[in-house]
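Step one of this worksheet: look at the structure below.
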Amino acid sequence: MPSASGQRTALRFTPEASFGVAASTTYKALRFTNTGLNLSKANYQSNEIRADRHLSDLRHGMVSVGGDIGFELSLATFDDLLEAALSGTWATVTTGSVSLAADAATGTFVRTAGSFLADGFLPGDQVLVSGFAEAGNNGRARVEAVTALALTVDLELEDDVAAAGRSVELVGRRLKSGTVLKTFSFERAFTDINQYALYRGCAVDSLKLSIKPEEIITGTFTLLGKDMQMATASHAATVTPPGTNSPFDAFTGSLREGGQLVANVTSLDLDITNGRSTKGVIGQRSATEIHEGGFGVSGTLSAYFMGQELLAKFLDEAESSLEVVLLDVNGTDFHTLRIPRLKYTGGELDNPKEGPVQVSMPFTALLDPVSGASILYQRSNA
C-alpha cells in the first residue's frame, strides 16, 4: 500500500449545528500552507508500588483535538474563520435611501432626520456614496468622523443641497470582536490513499497575522475541539471551492499609527486570543462543550527609529491606534484591520552593526467605547 503524500492532502470545513454535529455535508475547501491539526489523548500511569520496580499499567484518558493551520491571507477564503476568531458576525451598515446634503467647507454629508451613529458608521469605515447630483460626491470614501447628523469623509466634496434618494453604505462587510462562539467540523482528506480524518467540535482559539515588507501576509489559526473519526470515504457530499484571489502583501497597502499615515514601519505582528478550553466530565471520553475565556488582542510594531515621537507614547503611557489597509492586486478589493485604542507596553531600540536602528513596540489593545470592540475587520467582498 502506498503512503500518503503531503501534496495530495486537502483541508475542508463546515459549520456545526450543535457541538460536534455538522450542519450539512457541504464543506468549504480551505487554502493552507501547513497544518498540525491532530487528536491527542491524556494518559495516566499507575502509582502502584511494586517490589520489582516496574510500571504495572497505563490507561488512556480524555481525547481532544488541537493544532494550527497556517495560511496566506487572501480575499474570500477565510471569512468564516476570521469571524470565528473575532467571535463576531459580519455585518452591513447603510443609511438606506434617505435625504442627504453635501457640505464642501466641512467635508461632511449632512442629514436632518435619522442618525449616522444609529446606522452604525464608525471612523475608519470604507464606504460607498451614491445618488448625489454632483458626480464628485459619489464613490468610495474613508469615514474620518461621525456624529448623529454629520458624516465627515476624506473626499473633496462639492456643495449639494439636500435631496432624497441618496445613500451611504459600508463597502462589503465589517466584523467586530464580540462574544459569539462558533464551532466547525474539519476534514483532512488524504486523497491519494482514500483516508479521511474528521475533527469535530473545533473552535478557533487564536489567530496570528504577520505583516512584513516584501512578503506575502501569513497567518495561523489555532484550533481546539472535541474528537476525531477516521473513514475511508469523505464526509463531504459537496465541496465549495475557495477564493482564487492572490495573497495580500504589505507593500500595496497602507498603515496609520495614531490616525496618521506612516511609512517607516518595518513589521507588524498581531495576536488575537480567546482563552478557550475543553474540560472533561465523568462518563464522557471527550469534551461536551467549549469553555470561553477572555478575549485579547496584542502584537508588536517595529519601525525605523527617526525620533522620539513613537517611543514617547510608551514612555508617557499615551494611548494610540492602528489601522492597516491591505489591497488586493486588482486594486479595488481590500481587507482593513483597525485597533481603535491601544497602549504600548515596551519600546526597545536595537543597535545593529550595519543598517538603520529600529524600535520594537509591543502593544495591547483596549476596549473602544465608541465601537464596543477592541478590533474591527472590514472586507470589501459581500
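The values are calculated or read from the model by the stated rules, or taken from the named source; none is laboratory data. Not measured: the values here are computed from a predicted model. Cβ: placed from backbone, ideal geometry, glycine included. Neighbour counts: every protein chain shown. We work out accessible area using only protein heavy atoms, side chains counted, and drop any ligands, DNA or RNA first. Shrake-Rupley method; radii C 1.70, N 1.55, O 1.52, S 1.80 Å.
Once you keep just the Cα pairs under 8 angstrom separated by 6 or more residues, what percentage relative contact order results for the chain?
On the way: 1008 pairs, mean separation 69.1, N = 382.
It rounds to 18 percent for the chain.
Between residue 269 and residue 40, the modelled label-to-label distance comes to 2.1 nm, taking each label 7 Å out from Cα in the direction of the beta carbon. Rolling a 1.4 Å probe over the protein heavy atoms of the chain, with every protein chain left in place, gives an accessible area that is 51 percent carbon and sulfur. Take the Cβ atoms of residue 104 and residue 332, set R0 to 41 Å, and the FRET efficiency comes out at 0.95.
Report the extension gain between residue 154 and residue 256 in nm, rounded to one decimal, defined as 0.36 nm multiplied by the number of residues separating them, less their alpha carbon distance. Mind dumping the intermediate values first?
Details: separation 102, 0.36 × 102 = 36.72 nm, distance 1.43 nm.
Answer, rounded to one decimal: 35.3 nm.
Near the amide H of residue 224, within less than 5 Å, lie the amide hydrogens of 203, 205, all on another chain or at least 5 residues away, with H placed in the peptide plane. For the stretch 206-281, rounded, prolate or oblate, judged on the Cα gyration tensor with a ≥ b ≥ c (square roots of eigenvalues), a/c < 1.5 rounded, else prolate if a/b > b/c? Oblate, since a/c reaches 1.5 and b/c is not below a/b. Per the Kirkwood formula applied to alpha carbons, the stretch 1-67 shows a radius of gyration over Rh ratio, Rg over Rh, of 1.20.
Over the stretch 18-57, the pair-distance histogram of Cα-Cα distances with 10 Å bins from zero comes to 18, 22, 22, 14, 17, 7 percent, rounded to whole numbers. Within the chain, the longest segment free of exposed loop sites, counting GluC sites (Glu not before Pro) that fall outside DSSP classes H, G, I, E and B and have at most 10 other Cβ atoms within 10 Å, spans 49-155.
In square nanometres and to one decimal, what's the mean projected area of the convex hull around the Cα atoms of the stretch 1-140?
Mean projected area of the Cα convex hull: 18.4 nm².
Within the P(r) computed for the stretch 97-177, what percentage of the Cα pairs occupies the region above 21 Å? Roughly 16 percent, rounded to a whole number. Close amide H pairs (under 5 Å, H built 1.01 Å from N) link residue 329 with 246, residues at least 5 positions away or on another chain. Helices in the chain, meaning DSSP H runs of at least 4 residues, each add -39500 (n - 2.57). Divided by all residues, the mean residue ellipticity at 222 nm is -1000 deg cm²/dmol.
Leaving out ligands and nucleic acids, note down the accessible area per residue over the chain with a 1.4 angstrom probe, in whole Å². Present the calculation step by step, with values, prior to reporting the outcome.
Working: 18350 Å² over 382 residues.
Accessible surface, normalised per residue, equals 48 Å².
For the pair residue 5 and residue 21, label points projected 7 Å from Cα toward Cβ lie 4.0 nm apart. GNM on the chain, alpha-carbon springs under 10 angstrom: the most fluctuating residue among 265, 281, 65 is 281.
Exactly which trypsin sites (Lys or Arg not before Pro) in the stretch 281-366 are in a DSSP loop and have at most 15 other Cβ atoms within 10 Å? Could the numbers behind the result be given before it?
Values: sites: 285, 313, 338, 341, 343, 353; in loops: 285, 353.
Qualifying residues, ordered by number: 285, 353.
Given a Förster distance of 35 Å, report the FRET efficiency between residue 161 and residue 381 from their Cβ-Cβ distance, rounded to the nearest 0.05. Let's see the in-between values first.
On the way: r = 35 Å, r/R0 = 0.99.
Between residue 161 and residue 381 the formula returns 0.50.
Holding the Cα-Cα limit at 23 Å, pick out from 176/226; 182/208; 313/353; 28/212; 208/353 the pairs that are longer than that. If you can, show how the numbers build up before the last one.
On the way: 176/226 27 Å; 182/208 18 Å; 313/353 27 Å; 28/212 29 Å; 208/353 31 Å.
In this structure, 176/226; 313/353; 28/212; 208/353 exceed 23 Å between Cα atoms.
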